[in-house]
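Peer 1: Have a look at the structure that comes next, please.
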Amino acid sequence: MNSVPHDYYLRFLDPIVYDDVLDFHSKGNYILHPAFQPSTALHFIDEKHLERLTGNELRLYPDMDICLPTRINKTSSPLNRNESCEKFTKANITFDLIEDLVSPLISKNTDHYKRGYPSGGALYPIEVFICSLMSDEPTWPCPEKILHLLPQSAKFEIVQNSECTNELRSAILSTSGTIGTPSLAIIYIAYLPKTMFKYRYRGYRLALMEAGSIYMLIDLQAKNLNLQSRLWSAYTDSMLCKSLGLNPALFLPLSVQFVGE
């Protein structure tokens, strides 16, 4: 299967659908910047109510005891993920380990488009960027620190002008607090024209589903390789796209996943 230029998809877009989806996505964007820190807030929920509302299960009938016990075995399984890492230590990850980490995403057969994760309608709208946050790892293969995964051809496309990651670090680690020093940031980005040309509005939902499939695979593979993982959403879309050299009107960051030790 031949590759097509990424802007080729624009020929098949309905501009009204495109504008609607872009407008909807922007409503969920954060504005994280020191200049706005004193004047913005995500919510005004007090800690007591916040603690009660998060981390619980939703019961349809909370006042009725109509639940059935299960016989689920909670012993260790390869499908039981580790808890998200609270604080990463400063450590290097060799490039061969990084290759092993993303190997579940690669197509098993380079002559076929199917990859290692499900995709509605075979759209594959999610682009995966592997970003080194390490400064002195000798096995990293090039001066540039950001690579774009090509799952079908099993190659890494080198993102140009990415030798310095200061802008990227500022975009994804500016509010990191006590997260520590992750070694790697894997960024999942939906290319909007590829998301919508076939299924229109429904394609955006499929892109979100695909991103979840991918980062869960990486989470389980990180556990298999004795690495720590944590999903991250504290970034501003436009700042993140700028650090990768991508047009924020076409590329929508859906999530960042930190990996390290």
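The values are calculated or read from the model by the stated rules, or taken from the named source; none is laboratory data. Computed from a prediction, not measured in an experiment: that's the story for all the values here. Virtual Cβ from ideal backbone geometry, glycine too; neighbours counted across all protein chains shown. Surface areas here come from the heavy atoms of the whole protein model, side chains and all, with no ligands, DNA or RNA. Shrake-Rupley method; radii C 1.70, N 1.55, O 1.52, S 1.80 Å.
Peer 1: Along each of the three principal axes of the Cα atoms of segment 80-161, give the extent in whole Å, ordering the values from largest to smallest.
Peer 2: 40, 35, 20
Peer 1: Would you indicate which of (i) -0.56; (ii) -0.45; (iii) -0.28 is the value of log10 I(q)/I(0) by the Debye sum over Cα atoms at q = 0.07 Å⁻¹ derived from the coordinates of this structure?
Peer 2: From the options (i) -0.56; (ii) -0.45; (iii) -0.28, the structure gives (iii).
Peer 1: Per residue, how large is the accessible surface of the chain? Use a 1.4 angstrom probe and give square angstrom.
Peer 2: Per residue, the chain has an accessible area of 62 Å².
Peer 1: Follow-up. What is the percent carbon and sulfur in the accessible area of the chain, measuring with a 1.4 Å probe over the protein chains and ignoring ligands?
Peer 2: For the chain, the apolar C and S fraction of the accessible surface comes to 54 percent.
Peer 1: Another question, then. Springs between alpha-carbon atoms under 10 Å, Gaussian network over the chain: tell me which of 214, 45, 172 tops the mean-square fluctuations.
Peer 2: For the chain, modelled as a Gaussian network with Cα springs under 10 Å, the answer is 45.
Peer 1: Got the relative contact order for the chain handy, in percent, Cα pairs under 8 Å and 6 or more residues apart?
Peer 2: Result for the chain is 27 percent.
Peer 1: Just to be sure I understand the model, the point goes 7 Å from the Cα along the line to the Cβ. What's the resulting residue 68 to residue 163 distance in nm?
Peer 2: Simple spin-label model gives 6.4 nm for this pair.
Peer 1: Now a separate question. Looking at the chain, what % of its DSSP beta bridges pair antiparallel, to the nearest 5?
Peer 2: 95
Peer 1: If I build a Gaussian network model for the chain, linking alpha-carbon pairs within less than 10 angstrom, which residue out of 125, 138, 182 has the largest mean-square fluctuation?
Peer 2: Maximum among the listed residues: 138.
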